[in-house]
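One structure below.
The values are calculated or read from the model by the stated rules, or taken from the named source; none is laboratory data. Everything numeric in this text was worked out from a predicted model, so none of it was measured. For neighbour counting, all protein chains shown are included, and Cβ atoms are generated from backbone atoms with ideal geometry for every residue, glycine included.
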Amino acid sequence: MSQTWVIPTGDDLWQVVSRSIVQKVDEDSAGGKNDTNDFDSLLDTRAKKAVQYAIQEVRGAIETAGRYPVSLTAGSVPPEGQQHVLAIAAWRLCLPVPGLIAVIMADGGAFSPIGTLYKDACAWVKMLAGGGSFTDATNPAGADYRTAINNDKSSASYNPAVSGLRWGDSLADDDEYTAGITDDGVVVSRFSQNMNTL
């Protein structure tokens with residue numbers, strides 16, 4: 001079933017780690033920090049970038065598999081992927097900063113609560129890259145993974161739907177059989193198939 005995908009942000013990290021921890025390790029692109037009262041949330045921040053990179057990783061895994069489309073909505077992920085994105089971002093945001101927070105978060109290694117979330121998130125991304133399924137987007141992108149579907153083959157912006165299964169024979173491909181005519185103007189039907197694959 002199709003659902004609207006969600007857009008996680010750096011402000012959502014409190015859902016997997018406390019807001020106070022995020023504030024301690026976050027920094028804006030000008031070097032401002034919460035501790036020094038010069039943090040500017042309007043600039044790029046480490047938290048925003050950590051979430052952005054995790055989103056790119058998820059969308060990239062889906063594209064790598066080539067079986068399903070992504071949503072046309074930039075920066076969005078399947079609803080079930082939101083917690084995974086936040087876990088990846090929180091782990092990568094909080095652990096590289098040396099200090100007590102990194103020690104506490106990593107206490108227990110991969111068996112710490114955030115370590116377990118991170119491990120599960122990485123397994124989910126690996127599943128996506130392997131072609132595993134997830135919630136379809138209500139506004140899927142075409143085969144270029146960037147723009148809307150356009151099935152008009154004569155158009156310069158032809159962009160068919162993503163399909164994990166492509167087939168054809170020496171007469172036509174699956175799109176041509178569906179259309180009933182080949183690009184060369186030969187009329188075909190399902191009875192025309194000669195099963196000599198390309």
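The table below gives the values:
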{"read-out": "Single residue of the range 34-66 satisfying the filter (over 13 Å from Thr9 (Cβ atoms) and among the polar types (S, T, N, Q)) that is nearest to the chain's Cα centre (by Cα)", "value": "Gln56"}
{"read-out": "Identity of the residue in the range 156-167, within 21 Å of Gly60 (Cα to Cα) and surrounded by 13 or more Cβ atoms within 10 Å (Cβ to Cβ), that ends up modelled with the lowest pLDDT", "value": "Ser163"}
{"read-out": "Cβ-Cβ under 7 Å pairs, at least 6 apart or on other chains, the range 144-167 side without any contact (Cβ under 8 Å) to a residue 60 or more places away in the chain, far side of a type in the set (Phe, Trp, Tyr)", "value": "Asn150/Tyr158; Asp152/Tyr158"}
{"read-out": "Qualifying position, being in contact (Cβ under 8 Å) with a residue 12 or more places away in the chain, within 30 Å of Pro160 (Cβ to Cβ), among the aliphatic types (A, V, I, L, M) and buried (at least 16 other Cβ atoms within 10 Å of the Cβ), among Leu86, Leu93, Leu13, Leu72", "value": "Leu72"}
{"read-out": "Residue check, Gly185 assigned to a loop (DSSP other than H, G, I, E, B), in contact with a Lys or Arg (Cβ under 6 Å, 6 or more places away or on another chain) and modelled with pLDDT of 75 or more", "value": "no"}
{"read-out": "Selection from the range 156-169 of residues that are among the charged types (D, E, K, R) and outside any loop (DSSP other than H, G, I, E, B)", "value": "Asp169"}
